[in-house]
Amino acid sequence: QVQLVESGGGLVQAGGSLRLSCAASGRTFSRYAMGWCRQTPGKGREYVAASRWNGCNTYYVDYMKGRFTIARDNAKNTVYLQMNSLKPEDTAVYYCAAASDTDTIRTMNSKDWGQGTQVTVSS
């Protein structure tokens, strides 16, 4: 099991950028696939992006490609989500997840989740 703590959320104007961070505990961080999901008001949780353990293979939900970038630093036990050109519809609580593979994150079946960080994009 891995403990996850997100940070970096906040209020930003449309068109702006934010970088979310997720710090993981445990010495086996580099073995995990990591990813991000979000939950918007009135909607369920949706997948955003995932990274394999090596950081070289990254995956995104189609409509976020080009605006969001996932990256990880295994030496720092941290995964990031760089979000650019933010839109009001990106307003959500963003959650970090860890799993044995990226498919588990994509289907939101991870057992390990952070507490979430709020992102609010004003128009």
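Tabulated data
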{"item": "Criterion violated by Gln82 - all others in (1) more than 30 Å from Ser123 (Cβ to Cβ); (2) in a strand (DSSP E or B); (3) of a type outside the set (Val, Ile, Thr) satisfied", "result": "(1)"}
{"item": "Residue list for the stretch 59-92, filter: open to solvent by less than 20 Å² (accessible area, probe 1.4 Å) and within 16 Å of Ala23 (Cβ to Cβ)", "result": "Ile70, Thr78, Val79, Leu81"}
{"item": "Out of Tyr80, Tyr32, sole residue that is within 18 Å of Val5 (Cα to Cα) and at pLDDT 95 or above", "result": "Tyr80"}
{"item": "Residue that is most open to solvent (accessible area, probe 1.4 Å), among those in the stretch 1-58 that are aromatic (Phe, Trp, Tyr) and in contact (Cβ under 8 Å) with a residue 40 or more places away in the chain", "result": "Tyr32"}
{"item": "Residue check for Ser123: out of contact with any strand residue (DSSP E or B) (no Cβ under 7 Å at 6 or more places or on another chain), touching a residue at least 60 places away in the same chain (Cβ under 8 Å), small (Gly, Ala, Ser) and on the phi < 0 side of the Ramachandran plot", "result": "yes"}
{"item": "Cβ pairs under 8 Å, 6+ apart, first in the stretch 72-83 and at positive phi, second in a strand (DSSP E or B)", "result": "Asn77/Ala23; Asn77/Ala24"}
{"item": "Condition check for Thr107: closer than 27 Å to Gln1 by Cβ, open to solvent by less than 40 Å² (accessible area, probe 1.4 Å) and either modelled with pLDDT under 95 or of a type in the set (Ser, Thr, Tyr) (or both)", "result": "no"}
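The values are calculated or read from the model by the stated rules, or taken from the named source; none is laboratory data. Keep in mind it's a predicted model, so treat the numbers as computed, not measured. Ideal geometry is used to build each Cβ from the backbone, glycine not excepted, and the neighbour counts take in all protein chains shown. Calculation scope for accessible area: heavy atoms of the full protein, side chains included, ligands and nucleic acids excluded. Shrake-Rupley method; radii C 1.70, N 1.55, O 1.52, S 1.80 Å.
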